[in-house]
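Let me begin by presenting the structure, written as structure tokens, before commenting on it.
The values are calculated or read from the model by the stated rules, or taken from the named source; none is laboratory data. Predicted model only: the values in this text are computed from it and were never measured. No Cβ is skipped: glycine too gets one built from the backbone with ideal geometry, and neighbour counts run over all protein chains shown. Accessible surface areas use protein heavy atoms only, side chains included; no ligands, DNA or RNA. Shrake-Rupley method; radii C 1.70, N 1.55, O 1.52, S 1.80 Å.
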Amino acid sequence: MKEFIFKYKYLIFAAIVIVHLVFKSYKCDEAGLWFDECFSVQLAQKNADEIIRISMQDDPNPPLYGVLLHYWVEVFGDSETGVRSLSIFASSLAAGVLFLLCLNFFNWQTSVFASFMYFTCNEFYYYGLEARTYALIILFVLCSYYLFLSIIKRPTFIKAILFAIANACIFYSHFLACF
């Protein structure tokens, strides 16, 4: 089992991402948008400069999610599915990153268990569907952990730069996520 998982780890990564995409996309547009999600959609309809200005003056949230959602909506539309697909994609990618993180820095049993727990956790499922910044924060935090452990294992300048970018993305996604 161990050899199979290590040999096909990127194929398993892709399978995990695809399975999450399929399960989270199924009927993602049936619940209707919540108040916070409506605020995200309204913000995403403005241009990037205005989103940043609103974030600096009126909104307590940093601008990264709003700017990303603005460009995402231009490509995928402002339907419930289009708006939520950014969170679905980020949450699904986070599941794959979690698998690789556990596999590379712990062991294969931990990677299988963590992937199963992530897949079955109601909170991760709920926030992976909500058109807010939470799924993106989870993705950036997992990338930050992965890069941090990579730097400890074998430091390189590129890893340090990527680590700094991941942490900046965390900060510009939600101020409290830094803690």
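Scanning the stretch 101-110 for residues that are open to solvent by 20 Å² or more (accessible area, probe 1.4 Å) and in a helix (DSSP H, G or I) yields N104, F105, W108, Q109, T110. Among the residues of the stretch 24-43, the one identified as surrounded by fewer than 16 Cβ atoms within 10 Å (Cβ to Cβ), touching a residue at least 60 places away in the same chain (Cβ under 8 Å) and in a helix (DSSP H, G or I) is D36. Looking only at the stretch 69-92, how many residues end up being within 20 Å of A14 (Cβ to Cβ) and either open to solvent by 50 Å² or more (accessible area, probe 1.4 Å) or aromatic (F, W, Y) (or both)? Here the count works out to 1. Just one of the listed residues (D49, D36) is farther than 16 Å from L139 by Cα and modelled with pLDDT under 90, namely D36. For the stretch 132-159, filtering for residues that are surrounded by fewer than 14 Cβ atoms within 10 Å (Cβ to Cβ) and more than 19 Å from L98 (Cβ to Cβ) leaves 5.
Does I18 satisfy being open to solvent by 70 Å² or more (accessible area, probe 1.4 Å), touching a Ser or Thr at 6+ places or on another chain (Cβ under 9 Å) and either of a type outside the set (D, E, K, R) or not in a helix (DSSP H, G or I) (or both)? Criteria met by I18.
Give all pairs with beta carbons closer than 6 Å in which a residue from the stretch 44-70 that is over 15 Å from A90 (Cβ atoms) and in contact (Cβ under 8 Å) with a residue 12 or more places away in the chain meets a residue that is assigned to a helix (DSSP H, G or I) and aromatic (F, W, Y); count only pairs at least 6 apart in sequence or on separate chains. Filtered contacts from the stretch 44-70: P62/Y172.
Can you go through Y127, Y118 and tell me which one is among the hydroxyl-bearing types (S, T, Y), open to solvent by 20 Å² or more (accessible area, probe 1.4 Å), modelled with pLDDT under 95 and not in a loop (DSSP other than H, G, I, E, B)? Checking each option against the conditions leaves just Y127. Just name the residue that is least open to solvent (accessible area, probe 1.4 Å) out of those in the stretch 1-15 that are among the aliphatic types (A, V, I, L, M) and assigned to a helix (DSSP H, G or I). Here the residue is I5.
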